[in-house]
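The values are calculated or read from the model by the stated rules, or taken from the named source; none is laboratory data. Keep in mind the model is a prediction, meaning the values are calculated, not measured. For neighbour counting, all protein chains shown are included, and Cβ atoms are generated from backbone atoms with ideal geometry for every residue, glycine included. Ligands, DNA and RNA are stripped out before the accessible areas are found, and what is left, the full protein with its side chains, is counted by its heavy atoms. Shrake-Rupley method; radii C 1.70, N 1.55, O 1.52, S 1.80 Å.
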Amino acid sequence: MLINFKNYRESTGKNALTIARIAEKVSDELGVVISVAPTFIDAVKVKESVSIPVYAQHVDPVGYGSYTGHVTMENLKEYSIDGVIINHSERNVMVKDIEFAVKKARDLGMKSMVCSSTPSISGSVAVFNPDYIAIEPPELIGGDVSVSVARPEIITESVNIVKKISPETQVLCGAGVKTGSDVRKAIELGSSGILVASGVIKARDVEKAISDLANALR
Ligand code: G3P
């Protein structure tokens, strides 16, 4: 389970540390792998403060050099960031940049999670053999209806196509995931886990929200 902090007020700055510590506590208690993806600015401090995996929300397709305003995989690696989200629908990149980032992550021993909005895009990016592909229909992001309920076929079709092309890649799903029952349905459909944001970040009781989702993953 990866909690994407995005740029919500509730999950940036000091709040990023608070939520990451809650995620770590729940992960320890339930024995479920819970990763967090704070903003670039918060990621280093979060990484220093918790023992759960920390992901960056994006990475630019460049290495060391004359690149103003870019974030490189090498720089993330230097601060022990564990992995990167690539091609989130709120931060789409070109196909060649997806390939660059997945390969660079692999070379540096970091995890890659490529987002996709359709089964055919899931198949297209599977050829790069990322660690994870997260299927998220953009129209359901931030809403109250889970992808596993509204669009179950895009999970099953993505799982089928990805397993044929890159059997080791795990398929996660996200968008509108709010409850344990959304998660159980996602797992039934072949998903290995979830990518979630508002269901945790906007919850009245963040610990309960994370625990409910994590319990359903056990
Ligand atoms: O990256 C996770 C995401 O886009 C899903 O967002 O708010 O629907 O859980 P949300």
Residue pairs within 7 Å by beta carbon, gap of at least six or interchain, first lying in the stretch 198-211 and in contact (Cβ under 8 Å) with a residue 60 or more places away in the chain, second of a type in the set (D, E), listed first then second, are I201/E10; K202/E10
Notebook entry, point to check: Any chance the stretch 137-149 includes a residue that's aliphatic (A, V, I, L, M) and touching a His at 6+ places or on another chain (Cβ under 9 Å)?
Noted result: no
Flagged in the stretch 204-216 as within 15 Å of the ligand (Cβ to nearest atom) and open to solvent by 10 Å² or more (accessible area, probe 1.4 Å), in numbering order, are V206, A209, D212, A216
Yes/no for I201 being near the ligand (Cβ under 10 Å from one of its atoms), surrounded by 20 or more Cβ atoms within 10 Å (Cβ to Cβ) and of a type outside the set (K, R): yes
All conditions in (1) within 15 Å of the ligand (Cβ to nearest atom); (2) at pLDDT 95 or above; (3) buried (at least 20 other Cβ atoms within 10 Å of the Cβ) are true of V162 except (1)
By residue number, the members of the stretch 160-218 that are acidic (D, E), more than 17 Å from L30 (Cβ to Cβ) and part of a loop (DSSP other than H, G, I, E, B) are E168
When (1) in contact with a strand residue (DSSP E or B) (Cβ under 8 Å, 6 or more places away or on another chain); (2) among the acidic types (D, E); (3) open to solvent by 70 Å² or more (accessible area, probe 1.4 Å) are applied to E136, the one that fails is (3)
Filtering the stretch 55-74 down to residues that are part of a loop (DSSP other than H, G, I, E, B) and of a type in the set (S, T, Y) yields Y64, S66, Y67, T68, T72
- Query: So is A150 over 30 Å from G180 (Cβ atoms) and in contact (Cβ under 8 Å) with a residue 24 or more places away in the chain or not?
  - Reply: no
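The rows are residues; the columns are (1) within 13 Å of the ligand (Cβ to nearest atom); (2) among the charged types (D, E, K, R); (3) crowded, with 21+ Cβ neighbours inside 10 Å.
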{"residue": "D97", "(1), (2), (3)": "no, yes, no"}
{"residue": "F100", "(1), (2), (3)": "no, no, no"}
{"residue": "K111", "(1), (2), (3)": "no, yes, no"}
{"residue": "V114", "(1), (2), (3)": "yes, no, yes"}
{"residue": "S122", "(1), (2), (3)": "no, no, yes"}
{"residue": "V125", "(1), (2), (3)": "no, no, yes"}
{"residue": "Y132", "(1), (2), (3)": "yes, no, yes"}
{"residue": "G142", "(1), (2), (3)": "yes, no, no"}
{"residue": "V145", "(1), (2), (3)": "yes, no, no"}
